[in-house]
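Reading through the structure tokens given below for one structure.
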Amino acid sequence: MTVTHPTGFRAAGLTVGLKPSRTPDLSAVINDGPSDAVAAVYTSNRCKANPVLWSEQAGADGRARAVVLNSGGANCYTGAFGFETSRLTAERTAELLDVRAEDVLICSTGLIGVGGQDFRDRIVGGLPQLVEAAGAAAQDGRTAAEAIMTTDTVAKTVERTGTDGYRLGGMAKGAGMLAPGLATMLVVVTTDAALPAEALDRALRAATAQSFDRLDTDGCMSTNDTVILMASGASGVTPEEADFTDLLTDACLDLMRQLHVDAEGAHHDIAITTTGAASVDDAVTVSRSVARSNLFKAAIFGEDPNWGRVVAQVGTTDAAFDPACIDVTINGVRVCTDSTPDEDPTAVVFTREVTVDIDLKSGDSAATVWTSDLTHDYVEENSAYST
């Protein structure tokens, strides 16, 4: 049921011809509940797409009744025309739902520079059918999740139910340009909990900091990243904020892992955990530094347990540690103790999942960053993406 798992929501996906594949490419999630509270986080890239610019402005009051999403074009760097497309999409959706245009958030994904007249006409022209489809009893949100896919191989969805009966649902897309400040991802999470926008915002920022912001498969940050949390209040349940944040974080981690294993061209899914750090920020910095090393990523692709590339990358950070006291463990084999060789690296057994554990021996903090190996398939897929 995905985003329609919580009560008060309806959703649908539709094919309007934005993608040559003729697969679903226009999606909507609509909140019919008594509450219209919303929170969102967006890319930290200074070069933002028009849908992000519109949604940041429209959602600033913490209210939203719908999200319209498209694949097949990013509507980024399409000038004033592109921003007008986002505005017109919101206005037309608002007319169909009898709400304000500012109550409609917009998300797009695809190639930068795509968003001309035909793009606009197909989206705006498809909205009546999309909204009508979202009202159909048979709709369970699955087509909405499928309609936001680009290079994804599968739709990503999640469902959770709180101990006191309220529900969470979610959908996500993303397979490349996965780096902090979110990724080339679009995520919509819904809940029927009765919480104000301020509480949703705190919970969402805490959840994304531990999930999507820790996914860094290729070090490339998108212009369209958006994570939206909508609350219908339809359950009538007001959970403790800490409990809600925990459940939301669990759901976001689930979606993040689905994005991770579907990363473009990946052969190995790598989790880099730094422990013994003086602070969480230090732990994240060290793990992310290793995750962004092409030498390290190439070694994992070749199933070469070259721990020297890990230690060398740790040394590029400003984290607190003694360069002579670093431990490295790969898939359970301690290959480096106190910055010197330990067990035979050939004892490391590689599988699809790879764990790299780094102990700095400088404190009690820890953090994990997830990444992927650097493969021929990744280079091939991204060498001709626009042609």
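Worth a mention:
- Sequence-separation-based contact order of the chain, relative, with Cα cut under 8 Å and 6+ spacing, percent: 18 percent
- The fraction of all Cα pairs in the chain landing in successive 10 Å bins from 0 to the largest distance is 5, 24, 30, 22, 13, 5, 0, given as whole percents.
- Take the Cα of Asp246, step 7 Å toward its Cβ, do the same at Leu111, and the gap between the two points is 4.8 nm.
- Net lengthening on full extension, Thr351/Arg334 (0.36 nm per residue, minus Cα-Cα): 4.4 nm
- Degrees, to the nearest 10: 117-134 long Cα axis against longest axis of the chain: 80 degrees
- Under a Gaussian network description of the chain, with springs only between Cα atoms under 10 Å, the residue in Ala80, Ala155, Ala366 that fluctuates furthest is Ala80.
- Most fluctuating residue given options Thr85, Thr351, Thr274, as computed from a GNM of the chain linking Cα atoms under 10 Å: Thr351
- Here's the picture: charge each Lys and Arg Cβ at +1 and each Asp and Glu Cβ at -1 in the range 302-355, and of Gly302, Cys325, Thr355 the one pushed furthest to the positive end of that dipole is Gly302.
- Cross-link partners for Lys361 among the aspartates and glutamates, with Cα-Cα distance under 17 Å and sequence neighbours closer than 8 places in the same chain left out: Asp281, Asp282, Asp318, Asp322, Asp327, Asp338, Asp342.
- Per-residue ellipticity at 222 nm computed for the chain from its helices equals -10000 deg cm²/dmol, with DSSP H segments shorter than 4 residues left out and the rest contributing -39,500 (n - 2.57).
- Between Asn45, Asn70, Asn224, the residue with the greatest mean-square fluctuation in the GNM of the chain (Cα pairs under 10 Å linked by springs) is Asn45.
- Scanning residues 5 or more positions from Leu360 or on other chains, those with amide H under 5 Å from its amide H are Thr275, Gly276, Ala277, with H placed 1.01 Å from N in the peptide plane.
- Size of electric dipole in the range 2-261: Cβ of Lys, Arg +1 and of Asp, Glu -1, about Cα centre, debye, nearest 20: 680 debye
- Within straight-line cross-link reach of Lys19, aspartates and glutamates at Cα separation under 19 Å, skipping those fewer than 8 residues along the same chain: Asp118, Asp121, Glu146, Asp152, Glu264, Glu381
- 3J(HN,Hα) couplings calculated from phi for the range 299-312 with the Karplus curve 6.51 cos²θ - 1.76 cosθ + 1.60 (θ = phi - 60°) are, in sequence order, 4, 5, 4, x, 6, 10, x, 7, 5, x, 5, 6, 4, 4 Hz; Gly and Pro show x.
Computed from the coordinates by the stated procedures, all read-outs in this text should not be read as laboratory data. These numbers were taken from a predicted model, which means no experiment stands behind them. Note: ideal-geometry Cβ built from the backbone for every residue, glycine included; neighbour counts use all protein chains shown.
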